[in-house]
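Comments concern the structure below.
No lab work stands behind these numbers, since they all come straight from the coordinates. In this text, all values refer to a predicted model and were calculated from it rather than measured experimentally. Ideal geometry is used to build each Cβ from the backbone, glycine not excepted, and the neighbour counts take in all protein chains shown.
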Amino acid sequence: MNNIYIVAAFTLREILASPAFRALLAATALFAIMALAVSNLFLLETVKVQLDFLWLGMSLLGAGFSLFIGTTLMGHDITRGTASLFLPHMDRHSYLLGRTAGLTLALTLLLALMAVLSTATVAWGLEHALPDRAAGISLWSATIMGLFALLQSATILAMVLFTCSWATGVVEMMLFSSAFTLMAYLLPSVMSAITSSEVIAQVPAWSVAFIHTIDYLFPDMSGGQVALCIAHGLTLPTAELGWYLAGQCGYIITLVAAALLLFDRRDL
């Protein structure tokens, strides 16, 4: 366990010193300011538009961190031999878990800063919005959205770790990680379109079953709808929320376990 802490601390310091991560930290303020500016273009639902833009910023920051910083870090471990500095002194599971913990801590810091700035802008928006236009919106709406953004970003990070555990180079890791993430985001909309009565009547049954099978292999990335329902004060069934959280956590645990298994057997 001590080895995991050492690698996690080393990873966190390495990420904090990265210019790319500092650029993402600066982008949090940019997104918060842009949310205020864009929302003022709308005369009515200003706070809700602001929350929509803030969710977009959180999602982009989380996905960008996971795909670019996470993939680059893990890719350099293999291609530049960074892992060889640690592996003679610890087992591979401790090393990968330490890297995972460090990446997760940095991701949490990034989205926590975004949530703090977002909460401040939401407070300003609620102060200047008409009472009937801010009904159902809480001051902590942005914080709740930040938690859902962290969960989905952690899922993307788990996909990155899984890909990096068997891919050979940074380009290949980036390509497959981006493809998996894109498919995970597109499949919910594809499934909703296919399951409509008009489409089912025209599409062969085997193709619908095939797409359903593919859909089961990817996580449910519809957290934006859940987060915005909570942020806008809309009713959300507790069972639906529970299944979503359980599915995301289960997917993350499964992918990290698979990454540990594959990383233990690959040549370095």
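Pull out the extension gain between Thr213 and Val116, defined as 0.36 nm times the separation in residues minus the alpha carbon to alpha carbon distance; nm, one decimal. Between Thr213 and Val116, full extension yields an extra 31.0 nm.
Return one number: the angle in degrees, 0 to 90 and rounded to the nearest 10, between the long axis of the Cα atoms of helix 238-265 and the longest principal axis of the Cα atoms of the chain. Approximately 20 degrees, to the nearest 10. Farthest toward the positive end of the dipole of the stretch 1-123, out of His93, Ala106, Asn40, is the Cα of His93, where the dipole comes from beta carbon charges about the Cα centre.
Applying 0.36 nm per residue to the separation of His89 and Ile253 and subtracting their alpha-carbon distance, the gain on full extension is 56.5 nm. Taking θ as phi - 60° and the Karplus parameters 6.51, -1.76 and 1.60, the scalar couplings of the stretch 148-154 work out to 5, 5, 5, 5, 5, 5, 5 Hz in sequence order, x denoting glycine and proline. For the stretch 97-114, backbone phi angles converted through the Karplus equation (6.51, -1.76, 1.60; θ = phi - 60°) give residue-by-residue couplings of 5, x, 4, 4, 5, x, 5, 5, 4, 5, 4, 5, 4, 4, 6, 5, 4, 4 Hz, Gly and Pro being listed as x. All other residues whose Cβ lies under 14 angstrom from that of Gly102 are scored, Lys and Arg at +1 and Asp and Glu at -1, for a net of 0. For the chain, the residue among Thr121, Leu262, Ile156 whose Cα projects farthest onto the positive side of the dipole built from Cβ charges is Leu262. Shape descriptor for the stretch 3-265: Rg over Rh equals 1.02 (Cα atoms; Rh from the Kirkwood inverse mean 1/r).
In the chain, the DSSP-assigned H stretches of four residues or longer account for a calculated mean residue ellipticity at 222 nm of -26000 deg cm²/dmol, using -39500 (n - 2.57) per stretch and the full residue count as denominator. A simple spin-label model places the labels of Val38 and Leu182 2.2 nm from each other, with each point 7 Å out along Cα-to-Cβ. Site pair Trp206 and Thr72 shows an inter-label distance of 4.6 nm when each label is modelled 7 Å from Cα along Cα→Cβ.
The peptide list 253-266, 160-173, put in order of mean Cβ contacts within 10 Å with the highest first, becomes 160-173, 253-266.
Taking packing as the residue-averaged number of other Cβ atoms within 10 angstrom, the listed peptides 52-64, 86-98 run from highest to lowest as 52-64, 86-98. The label-point distance for Trp166 and Arg80, in a model that sets each label 7 Å from Cα toward Cβ, rounds to 2.7 nm. Using a cutoff of 8 angstrom between alpha carbon atoms and counting only pairs six or more residues apart, the relative contact order for the chain works out to 26 percent.
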